[in-house]
Amino acid sequence: MGNDKQRYKYMACGRSIVGGLRIKSEDVLIEYLSGKQTYTQIAEKYNCSNKTVQRKIDQSSAQQNRTFPSRVNVLMGSNYF
């Protein structure tokens, strides 16, 4: 069984079943940023809730490496009258 399938387990009897495709956080973030999709539109596409879409976007945003330059040059011009 591949990692792209979601597995569900019944707590009462211990049996498990394989459900639909697992939603990747990176794919959801790309759809949200590049595709200009709303949470509702993405949720309908992946057949999940808005809360799941929000959680996936938050997860992928937290995983991004944020590096800032150590030095910055600022050029400004101004005119006084």
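The values are calculated or read from the model by the stated rules, or taken from the named source; none is laboratory data. As the structure is a computational prediction, the values presented were derived from the model and not from experiment. When we count neighbours, we look across all protein chains shown, and the Cβ atoms used for this are built from the backbone with ideal geometry, even at glycine.
What is the number of the single condition among (1) surrounded by fewer than 12 Cβ atoms within 10 Å (Cβ to Cβ); (2) modelled with pLDDT of 90 or more that Gln41 does not meet?
For Gln41, the failing item is (1).
Gln63 is checked against (1) surrounded by 11 or more Cβ atoms within 10 Å (Cβ to Cβ); (2) at pLDDT below 90 and fails just one. What number does that condition carry?
Among (1) surrounded by 11 or more Cβ atoms within 10 Å (Cβ to Cβ); (2) at pLDDT below 90, Gln63 violates only (1).
Can you pull out the residues in the stretch 24-45 that are closer than 17 Å to Gln6 by Cβ and more than 12 Å from the chain's Cα centre (by Cα)?
Of everything in the stretch 24-45, just one residue is closer than 17 Å to Gln6 by Cβ and more than 12 Å from the chain's Cα centre (by Cα), namely Lys45.
If you check every pair at least six apart or on different chains, which have Cβ atoms under 6 Å apart with a residue in the stretch 46-67 that is within 15 Å of Arg22 (Cα to Cα) and among the acidic types (Asp, Glu) first and a residue that is modelled with pLDDT under 85 and surrounded by 15 or more Cβ atoms within 10 Å (Cβ to Cβ) second?
none
Residues that are at pLDDT 85 or above and of a type in the set (Lys, Arg): does the stretch 8-21 have at least one?
Within the stretch 8-21 (the criterion being at pLDDT 85 or above and of a type in the set (Lys, Arg)), the answer is yes, since at least one residue qualifies.
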